[in-house]
1. Can we say Val153 is surrounded by 18 or more Cβ atoms within 10 Å (Cβ to Cβ), in contact with a helix residue (DSSP H, G or I) (Cβ under 7 Å, 6 or more places away or on another chain) and either among the basic types (Lys, Arg) or touching a residue at least 12 places away in the same chain (Cβ under 8 Å) (or both)?
2. Tally up the residues in the stretch 63-110 that are free of Cβ contacts under 8 Å to residues at least 24 places away in the same chain and among the aromatic types (Phe, Trp, Tyr), please.
3. Is it fair to say Gly158 is of a type outside the set (D, E, K, R), crowded, with 17+ Cβ neighbours inside 10 Å and touching a residue at least 60 places away in the same chain (Cβ under 8 Å)?
4. Is there a residue being under 21 Å from the mean Cα position of the chain (by Cα), at pLDDT below 95 and in a loop (DSSP other than H, G, I, E, B) anywhere in the stretch 115-135?
5. Could you list, in sequence order, all residues of the stretch 160-180 that are at pLDDT 95 or above, in contact with a Ser or Thr (Cβ under 6 Å, 6 or more places away or on another chain) and either part of a loop (DSSP other than H, G, I, E, B) or basic (Lys, Arg) (or both)?
6. Only one of (1) under 18 Å from Val182 (Cα atoms); (2) part of a strand (DSSP E or B); (3) more than 20 Å from the chain's Cα centre (by Cα) fails for Asp18. Which number is that?
7. Return the residue satisfying two criteria in turn: it lies in the stretch 111-128 and is surrounded by fewer than 19 Cβ atoms within 10 Å (Cβ to Cβ) and in contact (Cβ under 8 Å) with a residue 40 or more places away in the chain, and of such residues it is nearest to Arg53 (Cα to Cα).
8. Restricting attention to the stretch 181-203, and to residues there that are aliphatic (A, V, I, L, M) and either surrounded by 19 or more Cβ atoms within 10 Å (Cβ to Cβ) or part of a strand (DSSP E or B) (or both), which single residue is farthest from the chain's Cα centre (by Cα)?
Amino acid sequence: MDFKHLYIKYCNPSNNLDSFTLQYQLRDNSVVPKWCERLESAQVKYTIDNPNRFYGFGSKKDQTKKAITSINNCINVINEFEPIVDRQLKNVSDQDTLNYLHHIFEVYHGPLDKQTHELWQRAPIEVRRALAELNILVHRCESIQRLALPRHVVTYYGLPKNKILDTDDYQAFEDTVTFGTVYLNYVEIGKTLDDLAMDNDQYIFDSGFQPFQHYSADFNVKFWNDDPRQVADNRAKIKHYYDQNSEFFKQKQLPWGHRLLTSGSVPLADLVYSGSKKELLKKLESHQQVAEVILL
């Protein structure tokens, strides 16, 4: 079916009758039809994993307190089953500890759709959930330390992540965020070149480098505009990281400019909205729950 628009219904978590819907116009690129097919497939069998997965809304102090409490609760759940995590997080800006915790997730969760580690196999559901949540909360902390910019994420965890982008699809990638744009989610278990450059990760295995190749129904909506100076700084930082580690990438036959080193993500749709951005953000702050996602 040739869809034109995406509609997202947002509601007040404490009152589902208090809701509003935003319209997003689908982009004209090679990835959009593939993503639409995945979204349709996901909705046949799965519900949204965490419809309240919003970032950057509310005071930074409250976001920080909630994130630190949540991530340490995950650590406690894991360690009560088996003491494999020897740190607690005290500060969302402690990138070294966040890298360490992300590494714990990578080791015990395992590769994409291949959870084969013996601990994962014998862990009860609440421990598996805590390990999976550890990854999400690491990225929440990173979001807070990096200006806590407003966005929300929609995922369908159970949908197999077995579709791979075609070579030409990388032409659709953009590394500059536009307010109200829907972007394809990174679904690999690992980190892209962008992530490695930003995180300065000293714990990740060589196999932890995972270019953006697989795609799913998962997406995020970002409600800010990138500062051109910050984009330029990020590009320089990524190039510097590549140059410092060029032998590693060349051994993987990934020269600078290779499509698997492409920065950013694929824009899928753009917000159709003529009102005040400030008022919209205020409205979203009290409606931090995705009630429905519709393609038309």
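The values are calculated or read from the model by the stated rules, or taken from the named source; none is laboratory data. Computed from a prediction, not measured in an experiment: that's the story for all the values here. We place every Cβ from the backbone using ideal geometry, glycine too, and count neighbours over all the protein chains shown.
1. Here the answer is no, as Val153 does not meet what is asked.
2. Final tally of qualifying residues: 0.
3. It is false that Gly158 is of a type outside the set (D, E, K, R), crowded, with 17+ Cβ neighbours inside 10 Å and touching a residue at least 60 places away in the same chain (Cβ under 8 Å).
4. There is at least one residue in the stretch 115-135 that is under 21 Å from the mean Cα position of the chain (by Cα), at pLDDT below 95 and in a loop (DSSP other than H, G, I, E, B).
5. Phe173, Asp175
6. (1)
7. The residue in question is Glu126.
8. Taking the candidates together, the pick is Ala197.
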